[in-house]
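Written below as structure tokens is the structure these notes are about.
All of the numbers you see were taken from the coordinates with simple rules; none came from a lab. From a predicted model like this one, the values you see are computed outputs, not experimental measurements. Here Cβ is always computed from backbone atoms with ideal geometry, including for glycine, and neighbour counts include all displayed protein chains.
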Ligand code: ADP
Ligand code: MG
């Protein structure tokens, strides 16, 4: 793709440079404030290590939560991230507050964490003045935060335009390569699974996927909307009555290039949304009034496994049932197992989808797991991600060379 990558820059050119890495450290915490999962921190290590080993002075920042600008609370501090990163790297990682004016020190081979960038006034508005101020302390800007690439914020967009040189880090690059491979030149048939609970936001994705995929596998609230559009009774199921025409339009668009929709033929229904609800397995034409579809049935599990076994590429977002409750987990378990067993190149993303993948123990058998939720979906939709657009704009050959001047003007000359 047409953007500069960190790996394109010779390590010798990084030595002594001030490198600003925009990471995604938006990590989960337990109720008592301890870090509960460090996956996102570990995912950023390759980029950080490459810069440190090349002898650069490294500054890393991220957003965390949704703080009010200018009024960070203790719970929104990156302090626990700095502590964990120091353990992982085996070197000190000081946390710097009020950093936008550059009044802090970081030496070549050293690293600091710059406190939650969403605390800076102007971050969310993508303020070019804030970007210009930060750019003064930066020789090379690295975006390694794919998970937030769909946001137009200062450290993701304006700063990429303002910094002397801007490139994508290894995590960002890996995400884009994997997604690009799945969508640009997919091994056919290409099957996309779009399921879960967000019906209206995901329907816009279906419209653009309809032109690209051979099989559109639908589950959850989206499947219910399509079933209703075909005239099936969906009872009290999660669905979107206003979008029946939109659902029919997606089916027509698929049919134009001989694509097909996969919908369940049998479903598990419940009399209420609860783990101990009364349940039945029924044909989709026989959903009782007032009952709700909470999973796919056994015939559907088999036919879904068959479709996925024959696919060349699988893109998966969304569980096909309320898998958090054991009574409605069989469909998503079968789906996960089928994706894992399929010879297809498989790629998955989405917060709850990743939770399902972890729960069913198939992490190692998915070819690529995207760290992005919203960014993954917008990429699938074919939208230009603002952070990526900024990197592309900087990919002109003229901006590819790092300035040769020594970066630390007050540094002693090398002996
Ligand atoms: P992701 O986070 O992977 O993008 P979503 O947030 O769209 O996925 O959807 C996940 C949620 O969808 C899960 O919490 C699951 O319980 C719910 N879900 C799946 N099928 C149904 C259904 N038939 N009815 C109601 N909720 C469903
Ligand atoms: Mg979700």
Q: Mind pulling the angle between the C-alpha long axis of helix 330-341 and the longest principal axis of the chain? Nearest 10 degrees, somewhere in 0 to 90.
A: 60 degrees
Q. In whole angstrom, and with the biggest value first, how far do the Cα coordinates of the chain range along each principal axis?
A. 81, 47, 36
**Q.** 222 nm mean residue ellipticity, helices alone, for the chain (DSSP H n ≥ 4; -39,500 (n - 2.57); rounded to 500)
**A.** -9500 deg cm²/dmol
Q. Given the chain, what percent of its DSSP beta bridges are antiparallel, to the nearest 5?
A. 25 percent
**Q.** Gaussian network model of the chain, Cα within-10 Å springs - most flexible of 21, 296, 362
**A.** 362
Q: Hey, for a label at residue 34 modelled as a point 7 Å past Cα toward Cβ, could you say which residues of the stretch 51-90 have their backbone N under 19 Å away?
A: 75-88
Q) Gain in length, residue 185 to residue 255, computed as 0.36 nm per residue apart minus the alpha-carbon separation, to one decimal in nm? A) 23.1 nm
**Q.** Helix axis angle, 170-184 relative to the chain longest principal axis, alpha carbon, degrees
**A.** 40 degrees
Q) What is the packing order of peptides 275-288, 310-323, 106-119, taking the mean over residues of other C-beta atoms within 10 Å and listing the highest first? A) 310-323, 106-119, 275-288
Q) Hey, in the GNM for the chain with a 10 angstrom Cα cutoff, which one of 147, 90, 70 fluctuates hardest? A) 90
Q | Those residues of the stretch 280-313 whose amide nitrogen sits under 20 Å from the label point placed on residue 326, 7 Å along Cα→Cβ | A | 280-281, 294-298
Q: Determine the distance separating the Cα centre of the stretch 35-57 from the Cα centre of the stretch 227-249; give it in Å without decimals.
A: 46 Å
Q) By how many degrees, between 0 and 90 and to the nearest 10, does the Cα long axis of helix 199-209 differ from the longest principal axis of the chain? A) 80 degrees
Q: Could you work out which residue, out of 162, 75, 356, moves most in a Gaussian network model of the chain, that is, has the largest mean-square fluctuation with Cα springs under 10 Å?
A: 75
Q.
Give me 45, 216, 95 sorted ascending by neighbouring Cβ count inside 10 Å, so fewest comes first.
A. 45, 95, 216
Q.
Just to be sure I understand: of the beta bridges DSSP finds with both ends in the stretch 187-381, what percent are antiparallel, rounded to 5?
A. 35 percent
